[in-house]
Amino acid sequence: MGNSYIGILVDGLVYSGIKRGYSYFERVAFYEEAGKRFDLIPCFFRLGDVSPDSEWIQALVKETNGRYKLRNIPIPSVIHNRGLFFTKQAKVKLLNLQNAGFTIFNSWNRYSKMTVHEILIQNEELRPHLPETKRASIENLKEMMEKHTELIIKPNSGSLGGGVMMVERTDNEVWTVNHNQNKEFFTSELPGILRKRAANKYYLIQQRIPLAKYQGSPFDLRVSVQKNGSGEWQVTGIVGKVAKLGSYVTNVAKGGTCKSLRELVGGSPGLDYDNVYKNIEDFSIKAVKELAIQFPSLADVGLDIGITEDGFPMFIECNGRDLRITFGKAKMLDVWKATYTTPISYARYLIDSKTEQE
């Protein structure tokens, strides 16, 4: 098979952590284990380390003493992007690398929630799994309030649960807006905080999914969907995120807890684990295949999916860079490792495919 470098493109925080022996949210040891299995040497570098005038790069590589040291090596032919970039210059640099013959999977991993929704809604099979979603505006808010009794207003990009607001009808005339653990009642006149948020073009208004509950708290699921060593999509793992009691936000950063799907489904007598898993798997793979038509380098994503009380999967959002830590917090060690091993097996597949074509 031949030993080669696999490039892991990271941001500055992770890079500095690796140099000091601490890798923050990345588990570098899992990359090393996977590298040994597939005869690949992980090397870590930042986008700023790449020069358009050179085919060489200084990257962090593990030494025999267990420490990472800078080595001057050829730019790896296959690179897994684990960084998060926002500028046009970064996008151009990544594109130039690809045009020069380097393969970068997940080359761009920052997609707006509305863009993803607009792609998926075109597919008739996927449409029933998508909550109604509109760009934020006062007009759209009023329209959505006429059609739905519960709404979520959230940032169009990123968040970790930050900036999320829930609007719900408590009876025929009275509504409440929940934000930052505060609750405000209103009737016809929109509260200032709601009016301000609804007029923000960087937000979305979405029909709230009636999520299944675990011990009285709503939960949703992080689904790791990745390309494997055969170049095919697979669901590598599913982990649940349970909102803290009294909250509607499941994000771990907002106090959510992580549990396995089997444990969550076990707490709902009306749900069958095998059926729920299969439905989530089928939907997830159809969804990423649809997204990959528009984003050809897509190979490693984390989908946030809710299930209704009868187990029907509903799409929430797509994370282009899944941090994977939820699997660790749920003590799903084998699955957590697999979310690192699978992309390395895909890298091996890409390298071998390149070799065959030469």
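The values are calculated or read from the model by the stated rules, or taken from the named source; none is laboratory data. Given the structure is predicted, the values throughout are model-derived calculations rather than measurements. Note that we place each Cβ from the backbone using ideal geometry, even for glycine, and neighbour counts take in every protein chain shown. These accessible areas exclude ligands, DNA and RNA; they are computed on the full protein's heavy atoms, side chains included. Shrake-Rupley method; radii C 1.70, N 1.55, O 1.52, S 1.80 Å.
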Requested in this report: Would you mind telling me which numbered condition in (1) at negative phi; (2) open to solvent by 60 Å² or more (accessible area, probe 1.4 Å) Lys331 fails?
Outcome: (1)
Report summary line: In the stretch 154-198, anything outside any helix (DSSP H, G or I), over 15 Å from Arg208 (Cα atoms) and among the basic types (Lys, Arg) is listed as Lys183
Report task. Please name all residue pairs, on different chains or six or more residues apart, with Cβ atoms under 7 Å, provided the first residue is in the stretch 333-353 and is within 19 Å of Ile75 (Cβ to Cβ) and the second residue is hydroxyl-bearing (Ser, Thr, Tyr) and assigned to a helix (DSSP H, G or I). Result -> Ile344/Tyr31
Report summary line: Among Ile280, Ile238, Ile285, the single one that is of a type in the set (A, V, I, L, M), farther than 15 Å from Met166 by Cα and open to solvent by 20 Å² or more (accessible area, probe 1.4 Å) is Ile285
Requested in this report: Give just the number: which of (1) without any contact (Cβ under 8 Å) to a residue 40 or more places away in the chain; (2) in contact with a strand residue (DSSP E or B) (Cβ under 7 Å, 6 or more places away or on another chain); (3) in a loop (DSSP other than H, G, I, E, B) does Ile209 not satisfy?
Outcome: (1)
**Report entry** Lone unmet requirement of (1) in contact (Cβ under 8 Å) with a residue 60 or more places away in the chain; (2) over 17 Å from Leu9 (Cβ atoms); (3) in contact with a helix residue (DSSP H, G or I) (Cβ under 9 Å, 6 or more places away or on another chain); (4) not acidic (Asp, Glu) for Thr115
**Finding:** (1)
Query - Answer residue from the stretch 16-57, given it is closer than 17 Å to Arg321 by Cα and open to solvent by less than 10 Å² (accessible area, probe 1.4 Å) and is modelled with the lowest pLDDT among those - result: Glu26
**Report entry** Set Leu298, Leu291, Leu323: member being of a type in the set (A, V, I, L, M), outside any helix (DSSP H, G or I) and at pLDDT 95 or above
**Finding:** Leu298
Requested in this report: Please find, among Leu303, Leu271, the residue that is in contact with a Phe, Trp or Tyr (Cβ under 9 Å, 6 or more places away or on another chain) and not in a helix (DSSP H, G or I).
Outcome: Leu303
Requested in this report: Would you be able to tell me the number of residues in the stretch 235-278 that are of a type outside the set (Gly, Ala, Ser) and touching a helix residue (DSSP H, G or I) at 6+ places or on another chain (Cβ under 7 Å)?
Outcome: 14
Query raised in the report: Name the pairs: first residue in the stretch 140-153 and part of a helix (DSSP H, G or I), second residue of a type outside the set (A, V, I, L, M, F, W, C), Cβ to Cβ under 8 Å, at least 6 apart or on different chains?
Result: Asn140/Lys134; Glu143/Lys134; Met144/Glu132; Met144/Lys134; Met144/Gln207; Met145/Arg169; Lys147/Glu132; Lys147/Gln207
Requested in this report: Look at the stretch 139-173 and say how many of its residues are over 30 Å from Phe85 (Cα atoms) and open to solvent by less than 40 Å² (accessible area, probe 1.4 Å).
Outcome: 8
